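Readers should treat all values here as calculations from the given coordinates under stated rules, not as data from a laboratory. This structure is a prediction, so every number in the text was calculated from the model and none was measured. Here the Cβ positions follow ideal geometry from the backbone for every residue, glycine too, while neighbour counts run over all protein chains shown.
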Amino acid sequence: TKVKRFFEDFEYQAASWDKPRRVIAKIEWHPGELFPKVGFIVTNLPMEPDWVVRFYNQRGTAEQHIKEGKY
């Protein structure tokens, strides 16, 4: 069976923030797991939630390659 992925966005304001921020939640249900894996991204990008996650994942991958080149 496959991993089921869901994306949601909502506004959240932490006590230390001066204004609410947009938060993207990525929820993954893996076969046989009791609880989902959940990750959050705080962003100001106006794209659909799944596109925001894809954008940040690609950016993170690029940064890892840059980091590898420094050593």
Taking the range 1-49 as the search range and keeping residues that are touching a strand residue (DSSP E or B) at 6+ places or on another chain (Cβ under 7 Å) and among the β-branched types (Val, Ile, Thr), which one is farthest from Arg59 (Cα to Cα)?
Val3
Kindly indicate whether any position in the range 32-51 is in contact with a Ser or Thr (Cβ under 9 Å, 6 or more places away or on another chain) and on the phi < 0 side of the Ramachandran plot.
no
